[in-house]
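The values are calculated or read from the model by the stated rules, or taken from the named source; none is laboratory data. Being a predicted model, the structure only gives us computed values, none of them experimental. Ideal geometry is used to build each Cβ from the backbone, glycine not excepted, and the neighbour counts take in all protein chains shown. Side chains included, ligands, DNA and RNA excluded: accessible areas come from the protein's heavy atoms. Shrake-Rupley method; radii C 1.70, N 1.55, O 1.52, S 1.80 Å.
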Amino acid sequence: RKKKKKKTATVSSSAPAPLSAFEASYPLSASSSSVRTMSKPVKGETKVVVHPLVLLSVVDHYARACKNTSYRAVGVLLGSWKKGNVLDIANSFAVPFEEDAKNSKVWFLDHDYIENMFAMFRKVNAREKIVGWYHTGPKLCSNDIQINEVVRRFVSHPVLVVIDAYPKEVGLPTRAYFAVEEVHDDGTPASKTFEHLSSEIGAEEAEEVGVEHLLRDIKDVGGAGTLSQKLQHQLASLKGLEEHLGEIKDYLALVQDGKLPINHQITYALQDTFNLMPNLDLPAFIRSLAVSTNDSMLVMYLSAVVRATTALHDLISNKVELRQQERKDEQKEQLKEGKAASDEKKKAAAAAAAA
């Protein structure tokens, strides 16, 4: 008999998110109470903005605790909800975390430490709340759902941000998720899974200035110059474009083979992208491209001719100077030899006269 496929439905609600026990002990202020209605992430609408300070803290945490090991760093994210359903993550702190490398079900997260640390952070900036947690994956793990349930003690709908401390591919090192409950039509118990959220790197003006100074101190731009930096940026952009094109190619191949269903939104977006590409077969475009290329090549040819002429002129000038120097040296040698011969004649004449 054919197996009946499970049909799942994601439970979602537009009602305000209920307060957890921890959130009730640390209530929102009156100015931020209006944000409570959109403190629940929504797929396709919520955008997660991660500040550079969070990335630096996570990389420092990973370098100090987990470098050259198979363990991952885990911590708590602090931030606030902004208008437009934007989750602004501005700060973070590390949390003691241990897990068994052989059995993913065995792990320990110190939630008492989270309460104490947040109480101290709240004294410095009361507007920043616990909005989620992070780990350095670099991918999702099997016990993330259980850890997310522990973090729910501090926030009703936590956001998980997987941060790759040492990315090997070009692109954003952050991926944001939130947990949703799936109800199965076949009567099996409901299960939880992660849904993806859009994320980006954002910074305020003061942070941008600090990051620029940091990069200026780290990068040795004295000998390389700005041209090398531009070429590196262009190379990184081309690698990122190649990676995205490869993902599009793999997706279309899977759709063509019937392994993935057709998503019309993705096909419409690809069609819009292809429509924005210029038509390279137009005679006017070909003519203008040829003219522009010929002009560029003409400039390169003239510069090469001028460079070669200058080099030949310097070579000839050098040869002339060497010959003139050789002639002067020969004249000096002849003068020395003539003077020595005259001196010998005078000595011989004086000796003969004396005899």
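One table, with the values for the structure above:
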| item | result |
| --- | --- |
| Residue pairs meeting the criteria (Cβ under 9 Å; at least 6 apart or on separate chains; first among the basic types (Lys, Arg), in the range 159-180; second open to solvent by less than 50 Å² (accessible area, probe 1.4 Å)) | ARG175/GLY137; ARG175/LEU160; ARG175/VAL161; ARG175/VAL162; ARG175/ILE163; ARG175/ASP164; ARG175/LEU197; ARG175/SER199 |
| Residue check for ALA269: open to solvent by less than 90 Å² (accessible area, probe 1.4 Å), small (Gly, Ala, Ser) and more than 27 Å from the chain's Cα centre (by Cα) | no |
| Among (1) open to solvent by less than 90 Å² (accessible area, probe 1.4 Å); (2) over 60 Å from the mean Cα position of the chain (by Cα), the one test that GLU330 misses | (1) |
| Subset of the range 143-156 [part of a helix (DSSP H, G or I) and either of a type in the set (Val, Ile, Thr) or open to solvent by 30 Å² or more (accessible area, probe 1.4 Å) (or both)] | ILE145, GLN146, ILE147, GLU149, VAL150, VAL151 |
| Close pairs from the range 242-262: first open to solvent by 100 Å² or more (accessible area, probe 1.4 Å), partner assigned to a helix (DSSP H, G or I), Cβ under 7 Å, at least 6 apart | ILE262/VAL255 |
| Residue ID - modelled with the lowest pLDDT, chosen from residues in the range 181-223 that are of a type outside the set (A, V, I, L, M, F, W, C), open to solvent by 80 Å² or more (accessible area, probe 1.4 Å) and within 17 Å of the chain's Cα centre (by Cα) | LYS219 |
| Tabulated pairs, the range 83-99, first in contact (Cβ under 8 Å) with a residue 24 or more places away in the chain, second in a loop (DSSP other than H, G, I, E, B) and surrounded by fewer than 16 Cβ atoms within 10 Å (Cβ to Cβ), C-beta under 6 angstrom, 6+ apart or interchain | ASN85/GLU45 |
| Within the range 158-175, considering residues that are in a loop (DSSP other than H, G, I, E, B) and open to solvent by 50 Å² or more (accessible area, probe 1.4 Å), the one farthest from LEU238 (Cα to Cα) | TYR166 |
| Residues of the range 66-120 satisfying the condition of being over 22 Å from the mean Cα position of the chain (by Cα), surrounded by 18 or more Cβ atoms within 10 Å (Cβ to Cβ) and polar (S, T, N, Q) | SER80 |
| Filtered residues of the range 121-142 (kept if open to solvent by less than 30 Å² (accessible area, probe 1.4 Å) and over 19 Å from HIS157 (Cβ atoms)) | THR136, GLY137 |
| Residue satisfying condition, being in contact (Cβ under 8 Å) with a residue 40 or more places away in the chain and out of contact with any Leu (no Cβ under 9 Å at 6 or more places or on another chain), within set VAL59, VAL106 | VAL59 |
| Residue among ARG153, ARG175 that is modelled with pLDDT of 80 or more, more than 19 Å from the chain's Cα centre (by Cα) and not aromatic (Phe, Trp, Tyr) | ARG153 |
